[in-house]
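The values are calculated or read from the model by the stated rules, or taken from the named source; none is laboratory data. Treat the numbers as computed from the prediction; the structure is a model and nothing was measured. Here the Cβ is made from the backbone with ideal geometry for all residues, glycine too, and neighbour counts use every protein chain on show.
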Amino acid sequence: MRASRTLACALGAAVVALAACSGGVSRPGTPPIGGGKARSQIPFSGGSKDFGRQGPAAPVEGATPGGTITVHLPGAPGPDSLDPTAGWSVVGNAIQQALVSRSLTQYARDADGNPVLVPDLATDLGSHNEDYTEWTFTIRDDATWQDGSPVTPAEVAFGICRSLDVEQFPAGPGAQYSRTYFAGGSDYDGPYTGNDPGCDDYDAITVEGQDVTIEMEQPFPDMDYWGAVMAMGPAPLGDAADPIAYSQQPMATGPYLVESWSPDEELVLVRNDAWDARSDPARHQYPDRWVFKFNADQTMVDEMMLSGTSESRTSLATSLGPGRYTEADAVLGERLVQQSSPCVTTLAPDYSKIEEIEVRKALAYAYPYEDVWIADGEVPGVTRDYASSVMPPGMVGRHVFQVDGEQITYDPARSRALLSDAGHGDEPYPITMIYYELDPQARDAQDQITKGLEAGGFEVRAFPVQESPYNTWLNPDDELNQRLNVRGVNFCPAWPAGAALLPALLEGGAVFNTAGFDEPEVDEAMDRLATLPIGEQPEAWGELDEQVMTDYFPIIPTAYVNKLFVFGADIGNPTGDGSMGTPNYKDLYVVQ
């Protein structure tokens, strides 16, 4: 899933807008800033499942109902759409999946804080045939919409079918996963584009009684994990789910419903009285109300949260400015939580325009990593750490390697030497990129990127945009996009496996392959990996990661991502969610 400051982590924020990273890793040769007292939450490495867990969710010790929790999200505009089929940002998905929109499966936390895959709208984690080319999910009969009507298997099937409509939902997760794995998915236009309002022309999703069965184009052993994305949930039949209206006011199936939404500003959720806790194995409904404030000013939020004002007591902040980390680390105790995430941030040189690997490596050496992180409000060694591979630490099968034998760090002299080796030593190499102008930190980060690249022998032309850079990067017909030769993508895989990460970033024609990397032998290798025995796949993905980065270096991993959350004094159970690297919204409460 994409991440950005407009839609979830920073690309170093150059082109900012925004599973498993390890927590608390430090930059080469330097300990993390501060005393390390922030409580680290366990990273997400996958594999833990509870097939038969049923509702209600076990109560959180000491939890009390009532009150309002206010969430401040500095620099994050929030979701582009509230339609669960369109949702594909960490910020929006974390809120909606935890509180508003249910799916086939979901994540809970075990007693040690580990993410555990458990049922949601399905009664279990699904059943499959011998080669994983057919999955069946039995839909529970006690889940309801916010109007009290039951969620039916037909509505679940329709919601899943909607994810195939890439014209209507071009940046939705179905464009990458549903169309790849569902039988005939790449040839089906979808219910809206294909003028098939009931999905009657698509026969790979069938309903019989309470069972929804999905046929696969290729073996898909991770379908139960993919089922935890809210696009794998229900949608009302007919005009009730018209994409334009539904993007503003979706029907809730979770413990909260949308009271109001001002895009880029505020989302307010209130209790959904029709939600039955007995139908839900993982969610709670402790607060009466949630208020999410997007694009919050980091300096003002830091001051409020650290000064102990009355407003701060029932608030939480999803980030902390680097200048306040030492202070916060010393005084907040368990209310400062460091959470690993499944995300990797990247710089994506256009593969058809920047053809020499030496130039792509020069960009990597000219990128001023720590200066960009600090300008973008990150804490080096705490919320950002140097990256060397696409697969992050903690992901099963990951290889530990360095493309150039040692960690690539900022080295403008090395950058200039590489440019000279590639025949570009006589004059600066031109770079065109964009950045999110409305975020002051993104502007500051772009300034650092420009300085670094220019010192490394590049000439930078950076265009400001007033909306998410993804709106430009993901539109091949956009005139500005066609002028760029460096883009970015910050990605958080839908589940913690190479199969969810590498194809999304490196397969020819993939939606989030903003580098335009296209090598048939790599595509063929990824196709072959899907047919390997399940036990051999993790190692094979790690090997492919190393091979592609060593032979082609098509994208530049600029950071592995951790997050810092600041919880007010009256927020109970201050914890993070390792499956997404976000606050643990399902289990928070207001101390009464």
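I'd like the full set of residues that are among the acidic types (Asp, Glu) and surrounded by 23 or more Cβ atoms within 10 Å (Cβ to Cβ), limited to the stretch 416-460.
Across the stretch 416-460, the qualifying residue is only Asp439.
Out of Ser279, Ser315, which single residue is more than 22 Å from Val372 (Cα to Cα), out of contact with any strand residue (DSSP E or B) (no Cβ under 6 Å at 6 or more places or on another chain) and not aliphatic (A, V, I, L, M)?
After applying the criteria, what remains is Ser279.
Show the residue pairs meeting these rules: Cβ distance below 8 Å; 6+ apart or different chains; first residue within the stretch 385-400 and among the basic types (Lys, Arg); second residue surrounded by 21 or more Cβ atoms within 10 Å (Cβ to Cβ) and part of a loop (DSSP other than H, G, I, E, B).
Arg398/Ser389; Arg398/Met391; Arg398/Pro392
List, please: which pairs have Cβ atoms under 7 Å, are six or more places apart or on different chains, and start with a residue in the stretch 563-592 that is within 13 Å of Ile69 (Cα to Cα) and end with one that is acidic (Asp, Glu) and part of a strand (DSSP E or B)?
Cβ pairs passing all conditions: Pro583/Asp577; Asn584/Asp577.
Residue-by-condition table, conditions (1) modelled with pLDDT of 95 or more; (2) farther than 20 Å from Arg283 by Cα; (3) not hydrophobic (A, V, I, L, M, F, W, C):
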position: Pro65; (1), (2), (3): yes, no, yes
position: Ile69; (1), (2), (3): yes, no, no
position: Ser103; (1), (2), (3): yes, no, yes
position: Gly113; (1), (2), (3): no, no, yes
position: Leu117; (1), (2), (3): yes, no, no
position: Asp124; (1), (2), (3): yes, no, yes
position: Asp147; (1), (2), (3): yes, no, yes
position: Ala157; (1), (2), (3): yes, yes, no
position: Asp165; (1), (2), (3): yes, yes, yes
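With the checklist (1) buried (at least 17 other Cβ atoms within 10 Å of the Cβ); (2) closer than 27 Å to Val90 by Cβ in hand, flag the one item Gln249 doesn't pass.
If we test Gln249 against (1) buried (at least 17 other Cβ atoms within 10 Å of the Cβ); (2) closer than 27 Å to Val90 by Cβ, just (1) comes out false.
Can you tell me how many residues in the stretch 527-549 are part of a helix (DSSP H, G or I) and either exposed (fewer than 13 other Cβ atoms within 10 Å of the Cβ) or modelled with pLDDT under 95 (or both)?
Here the count works out to 8.
On the given criteria, is Thr213 buried (at least 16 other Cβ atoms within 10 Å of the Cβ) and either under 25 Å from the mean Cα position of the chain (by Cα) or not in a loop (DSSP other than H, G, I, E, B) (or both)?
Answer is yes for this residue.
Looking at Met391, is it within 18 Å of Glu546 (Cα to Cα), crowded, with 24+ Cβ neighbours inside 10 Å and out of contact with any Ser or Thr (no Cβ under 9 Å at 6 or more places or on another chain)?
yes
Only residues that are at negative phi and either touching a helix residue (DSSP H, G or I) at 6+ places or on another chain (Cβ under 6 Å) or part of a helix (DSSP H, G or I) (or both): list them for the stretch 327-340, please.
Across the stretch 327-340, the qualifying residues are Glu327, Ala328, Asp329, Ala330, Val331, Glu334, Arg335, Leu336.
Got a sec? Which strands (runs of 3 or more DSSP E) wholly within the stretch 53-157 have at least 2 residues that are within 21 Å of Tyr181 (Cβ to Cβ) and of a type in the set (Asp, Glu)?
By residue number, no strands (runs of 3 or more DSSP E) qualify.
Tell me which residues, restricted to the stretch 286-314, are polar (S, T, N, Q), surrounded by 20 or more Cβ atoms within 10 Å (Cβ to Cβ) and more than 23 Å from the chain's Cα centre (by Cα).
Ser312
Checking the condition under 29 Å from Ala569 (Cα atoms), under 17 Å from the mean Cα position of the chain (by Cα) and buried (at least 20 other Cβ atoms within 10 Å of the Cβ), which residue from Gly75, Gly87 passes?
The unique qualifying residue is Gly75.
When the residues of the stretch 510-526 are narrowed to those that are touching a Leu at 6+ places or on another chain (Cβ under 7 Å) and not in a loop (DSSP other than H, G, I, E, B), which ends up surrounded by the fewest Cβ atoms within 10 Å (Cβ to Cβ)?
Ala525
Can you find, within the stretch 554-592, the residue that is farthest from Arg398 (Cα to Cα) among those that are hydrophobic (A, V, I, L, M, F, W, C) and surrounded by fewer than 21 Cβ atoms within 10 Å (Cβ to Cβ)?
Val591
Please go through the stretch 552-568 and give me each residue that is in a strand (DSSP E or B) and hydrophobic (A, V, I, L, M, F, W, C), ordered by number.
Hits for the stretch 552-568 are Ile556, Ala559, Val561, Leu564, Phe565, Val566, Phe567.
If a residue must be among the small types (Gly, Ala, Ser), assigned to a loop (DSSP other than H, G, I, E, B) and over 18 Å from the mean Cα position of the chain (by Cα), how many such residues does the stretch 569-592 contain?
1
Out of the stretch 128-156, which residues are surrounded by 15 or more Cβ atoms within 10 Å (Cβ to Cβ), more than 14 Å from Gly209 (Cα to Cα) and polar (S, T, N, Q)?
Thr133, Thr144, Gln146
Considering Glu546, Glu521, which residue is farther than 30 Å from Leu453 by Cα and either of a type in the set (Asp, Glu) or touching a Lys or Arg at 6+ places or on another chain (Cβ under 9 Å) (or both)?
Result: Glu521 is the single residue among Glu546, Glu521 that is farther than 30 Å from Leu453 by Cα and either of a type in the set (Asp, Glu) or touching a Lys or Arg at 6+ places or on another chain (Cβ under 9 Å) (or both).
Taking the residues in the stretch 48-69 that are in contact with a helix residue (DSSP H, G or I) (Cβ under 8 Å, 6 or more places away or on another chain) and farther than 30 Å from Arg313 by Cα as candidates, determine which candidate is surrounded by the fewest Cβ atoms within 10 Å (Cβ to Cβ).
Among residues in the stretch 48-69 that are in contact with a helix residue (DSSP H, G or I) (Cβ under 8 Å, 6 or more places away or on another chain) and farther than 30 Å from Arg313 by Cα, the one surrounded by the fewest Cβ atoms within 10 Å (Cβ to Cβ) is Lys49.
I need the strands (runs of 3 or more DSSP E) fully contained in the stretch 222-326, keeping only those with at least 2 residues that are of a type in the set (D, E, K, R) and within 27 Å of Gly572 (Cβ to Cβ).
So the answer is 266-271, 289-296.
From Leu164, Leu121, Leu125, Leu117, which residue is closer than 30 Å to Pro583 by Cβ and under 20 Å from the mean Cα position of the chain (by Cα)?
The match here is Leu117.
Being touching a Gly at 6+ places or on another chain (Cβ under 9 Å), among the small types (Gly, Ala, Ser) and under 25 Å from Gly498 (Cα atoms) narrows it down to one of Gly381, Gly457, Gly405, Gly377, so name that one.
Gly381
Taking only the stretch 114-127 into account, find how many residues are touching a Leu at 6+ places or on another chain (Cβ under 8 Å) and surrounded by 23 or more Cβ atoms within 10 Å (Cβ to Cβ).
7
I need the full set of residues from the stretch 71-117 which are under 25 Å from Gln298 (Cα atoms) and of a type in the set (Ser, Thr, Tyr), in order please.
Ser81, Ser89
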